[in-house]
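Have a look at the structure below, then the notes.
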Amino acid sequence: MIEGLFFLLFFPGLAFQVVCGLAFEWLDRKLLARFQRRVGPPWYQPLADLIKLFSKEDLLPKGANHLIAALLPLVSFSAVLTAGLYIPVAGFTPFSFEGDLIVILFLMSVPTLAYYLAGIVSLGVYSVLGGGRSLLQFFSYEVPLLIALSGPAILGQSWSVAGIMEAQTVQGPFVIFQPLGFILAIVGLIGKLKRDPLDIPSAKSEVVGGSLTEITGTKLGLWHLLMKVQAVVGIFLVINLYLGWLKYLPAHLSILVFVIECLIMVVILSVTSAVFARLRIDQLAGLGWKILVPLALLQIGFVILMGV
Amino acid sequence: MSQIRFDEWVREIREAVGCECEPYDGIQNEYTIRIPAANLRDVMGILKDRFDCYHLSAITAQQHEDRPEELEVIYHFWKGEGISFVMTLPLESLVIESITPDLPGADFYERELAELYGVSFSGREEIPPLLLPDDWNQPPPFLSKKD
Amino acid sequence: MRKITVPIGPQHPLLKEPLSMKLEISGERVLGGTLRLGYVHRGIEKLAQQRTYVQNVHLIERICGICSHVHTTTYCSAVEAILGIEIPPRAQYIRALMCELERIHSHLLWLGILAKHVGLDTIFMHAWHDRELVLDIMESISGGRVSHAANEIGGVRFDLDEENETLIRTNISKLHDQVSGVLDVIENEPALQARTRGVAPISTDLIRQYCMVGPIARASGLDVDLRRDDPWPPYDRLDFNVITHPDGDAWARTIVRAEETRESLHLCEAILRDLPGGDVTVRAPRKVPAGEAVTRSEAPRGEVFYYLRSDGSDQPARLKIRTPTLPALSLLPEQLSAINVADIPVVLAGIDLCIACADR
Amino acid sequence: MEKFKKRFSLLSAIIQAWFDKPETVGYPFLPLVLPEGFRGAIVIDPDKCTGCGLCVRDCPAGGLRLEKKSRDEFKLMHHPASCAYCGQCERSCLRGAISHSNALVAATTDARELVVVLKEKQG
């Protein structure tokens, strides 16, 4: 009971994920700043931003549904945190069951749908536009992402993340067999996190703040926080599925390797956001369905052939 | 790189429009012709069709201190060099025929004149507010009317 | 699909200055829109009539925060034309040098803004970093980053000494490298091209009908540049290429401005090479005899037009200013129809808006 | 190869930027280097100023004010809040008394600082 509570609240639950989320944001901003010849924020900046947002007045347009607008970030935050619980951190797996990958993928989609709803309930013009865009984007990246992520599951013959990691200790990291799938997973992750260059739903120069234009104060702070945590959970998931060969190593070394892998992922995400321009929504749809989906299917075909 | 053969232009405008139009040595760096306001549209047509000159730089309106009862309007055209058409309007009837059908680019300049000086332009659709607030109901701000 | 009206402005992250557009949007498609100006109308034309010619130099400088020097240059040459004085050749060259530096700075600023609007913040930062070199030059020779106060009636305020010239030379050769770097990136960046190619093309015919000027006209194949066609000295003695592009879309505007930046760098070098000696000012009387004058200059955004009438006192009787953004704005509603929502930033950036200029 | 290199020019630019020193100036925590001729705070040489008022006449922003009772009794005041730092006073002064230093004019929390008495001469 006490142990379960510890898992929930501290490691690998709430506290750990929030700290990781803030660290991720800081690293990301710092990296981006250095790519742009700036100094970048100090380490406490993400926390300071969060505290500032939490202390701000909470406003909504007249006629907006306050209850739903407040529930949406809470629901998505808990969905993301729950997803995080099932993902092994450096090989440490408190909760695991066969099929948890599907649960994780489902829970990871909750914020996107909530984001769409947040746009609709907050009644702003830009919110509605941004919400519509987020749904369009969802359909473009989600299908290739799901197909790609089923690659490791088929190869590892398990639908649990821990099981897939187990399989990799025998067969070697899956990134070797599925480099294409790894890239697709990263593209899908960028789309999921609405990061540059796939920040179409929240493109500042077009739809101001996207769905969150009218959201302020604590709610906005929660939204920002949950997106950071989502990024961390996504990174952990991709690392475990494609680079999960840590069982070979002694415990302290496996933690080190895991941290290095995470940093590499952060660098990849930062570089992509630094060097690519935002796509137009029709360009994204074209990319998703004409390029990513066929590539994902190709990868799956290859994986199935390997399995046989 | 002058492309304006001024004397020839003045002659042709005179012949084609059949109006008073007197060139005078008014504005520096610029050929200047005084024309009656009523003939503006015809002159504009000739400029465009015969001389291929339709870069309108600006429309200036001003009141001279010694002649406060009239508004002077200057159309500044350019083709390698500047050429200006000067006309005067009495304050009681500030009406000019719009040249936007020939030259859509004159739209903003006409609207500016309409709002700031109260000049009305015939032959174009209702002018929606451009510079002044939507609820502006005072006289045109740049026009000084001495009663 | 349901039509909604989306307001862009007066406050919007897209706009650095207030301008109001109301756009009809259906789904992701823009159907059309209307435009309102006047949010930064400061009545400068009227204010100028209440100040002396000397004070007006500084008032005029504050019309625009980017192309301030070309405004004062045009104003001063109008006053000088009525006074009938000719400024010394060295002053002419220094004025032209400042104009070209300003063009480089304006175009780099613009490239950054375009990149920012399409979500490419890295290019934005890099272009503005390079622009900082130009601002450094201007700050060290004139004393101000943006408001240079370089002109006065009858010449320029400062002279270039040895030290300044070396600074300009070194900074310009540095700029050559860095600008080539940034321009290389822009010209070879597929993501940027994907966003700008074929967006909101303007035909040459439309350009002529709407009296468009500057880089926008040149990007639609209209070969017009006041520095060549109606030059004030020393441009009639300088040799440079006028860049045109036949396509007329946002990409053509990018290329034209990028190439012009290079051309201006060469011009700066040529000006420094040919810089004649002598004085930089002649004495100008405070009172200007009665008369009228028109002057035009090629600002970074196109033709700047000044009409000045003097009634013999020390204050202008009428000062009419027409800035290049005004014709560009008159074509904006035309351009903002039948495009995607995502193209709005590109279209707006392509115009190189300067609302403060347009409103005056 | 050349084409390939150009295709990744932005990537190489950001890698280059990573190894360069950041360009951010740490002002106000670190000093700010301003060029010699920067038009900053207005200073006066009281020995040279005669209170003629030429600077006040030409000031375009109304940033200077002169209270003059007589040749020997006047007070020249500067309002930093209205000043446009254009340098016209420096140019108008025939005796070279008033000029810009290259010190940056910082924000103030003290309203009295918004009027600087440049020179006060009492009979």
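Per-structure values
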{"item": "Computed E for A:Leu5/B:Glu15 - FRET, C-beta separation, R0 60 angstrom, nearest 0.05", "result": "0.05"}
{"item": "Equivalent ellipsoid dimensions for the range C:26-68 as semi-axes, Å, which come from the Cα gyration tensor, largest first", "result": "36, 12, 5"}
{"item": "Axial C-alpha extent at least 20 Å, average Kyte-Doolittle at least 0.0 - helices from chain A (DSSP)", "result": "A:14-35, A:66-85, A:100-121, A:125-156, A:179-193, A:217-243, A:251-275, A:293-307"}
{"item": "Stokes-Einstein D in µm²/s, Kirkwood radius over Cα pairs - the range B:6-92 at 10 °C with 1.306 mPa s viscosity", "result": "120"}
{"item": "Chain C: proportion of alpha-carbon pairs further apart than 38 angstrom, %", "result": "16"}
{"item": "All Cα pairs of the range C:245-360, percent lying beyond 20 Å", "result": "63"}
{"item": "√(5λ) per eigenvalue of the Cα gyration tensor, the range A:1-134, largest first, Å", "result": "28, 24, 16"}
{"item": "B:Glu22/D:Glu113 FRET efficiency (R0 56 Å; Cβ-Cβ; nearest 0.05)", "result": "0.35"}
{"item": "Ranked order, C:Thr325, C:Thr281 - accessible area, probe 1.4 Å, largest first", "result": "C:Thr281, C:Thr325"}
{"item": "With eigenvalues of the C-alpha gyration tensor scaled by 5 and rooted, the range C:100-170, Å", "result": "28, 13, 8"}
{"item": "Bridge type composition, chain B - antiparallel percent by DSSP, nearest 5", "result": "70"}
{"item": "Pairwise label distance in nanometres, A:Leu123 with B:Gln138, each label 7 Å out on the Cα-Cβ vector", "result": "3.6"}
{"item": "Per residue, the convex hull volume that the Cα atoms of the range A:233-306 enclose (Å³)", "result": "113"}
{"item": "Fraction of alpha-carbon pairs over 43 Å apart in the protein assembly as shown - percent", "result": "44"}
{"item": "Extreme residue, positive dipole direction of the range C:200-337, given options C:Ile255, C:Thr281, C:Ile202 (C-beta unit charges)", "result": "C:Thr281"}
{"item": "Peptide B:51-61, shielding by other chains (average Cβ, 10 Å cutoff)", "result": "5"}
{"item": "Gaussian network model of chain C, springs between alpha carbon atoms under 10 Å - residue of C:Arg51, C:Arg131, C:Arg301 with greatest fluctuation", "result": "C:Arg51"}
{"item": "As computed over the range A:2-307, the Cα convex hull volume per residue (Å³)", "result": "130"}
{"item": "C:Ile85-D:Glu23 FRET efficiency (beta carbon distance; Förster radius 41 Å; 0.05 resolution)", "result": "0.40"}
{"item": "Inter-label distance for D:Lys68 and A:Ser96, nm, one decimal - labels placed 7 Å from Cα along Cα-to-Cβ", "result": "9.1"}
{"item": "Carbon + sulfur, % of accessible area of the range C:177-295 - ligands and nucleic acids excluded, 1.4 Å", "result": "46"}
{"item": "Mean Cβ count within 10 Å, highest first, over the residues of peptides B:119-129, A:189-199, D:92-102", "result": "A:189-199, D:92-102, B:119-129"}
{"item": "Dipole magnitude (debye, nearest 20) for the range C:41-354, charges at Cβ of Lys, Arg, Asp, Glu", "result": "1100"}
{"item": "Radius of gyration and maximum dimension Dmax of chain B, Cα, Å", "result": "15.5, 48"}
{"item": "Cα-based helix-to-principal-axis angle, C:162-188 vs chain C, degrees rounded to 10", "result": "10"}
{"item": "Straight-distance crosslink candidates among lysines, where the alpha carbon sits under 18 Å from B:Lys145 and sequence neighbours closer than 8 are dropped", "result": "C:Lys46"}
{"item": "Orphan Cys of chain D, criterion: no other Cys C-beta under 4.7 Å", "result": "D:Cys49, D:Cys52, D:Cys59, D:Cys83, D:Cys86, D:Cys93"}
{"item": "Neighbour cut-off at most 11 other Cβ (10 Å), DSSP loop, trypsin sites (Lys or Arg not before Pro), the range A:1-73", "result": "A:Lys62"}
{"item": "Alpha-carbon centroid distance for the pair the range C:135-155 / the range C:275-293, whole angstrom", "result": "18"}
{"item": "Radius, Kirkwood style, for the range C:1-86 when every pair of distinct Cα atoms is counted (Å)", "result": "16.0"}
{"item": "Rh by Kirkwood over Cα pairs, then Stokes-Einstein D for chain D at 0.890 mPa s and 25 °C, µm²/s", "result": "138"}
{"item": "Three principal axis lengths of the range C:148-294 [C-alpha, angstrom, descending]", "result": "54, 43, 25"}
{"item": "For the range C:301-360, alpha-carbon Rg over 2.2 N^0.38 Å", "result": "1.56"}
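The values are calculated or read from the model by the stated rules, or taken from the named source; none is laboratory data. Computed from a predicted model, the values in this text were never measured in an experiment. So basically every Cβ, Gly included, is an ideal-geometry build from the backbone, and we count neighbours across all protein chains shown. Side chains are part of the model used for accessible areas, which takes the heavy atoms of the whole protein and leaves out ligands, DNA and RNA. Shrake-Rupley method; radii C 1.70, N 1.55, O 1.52, S 1.80 Å.
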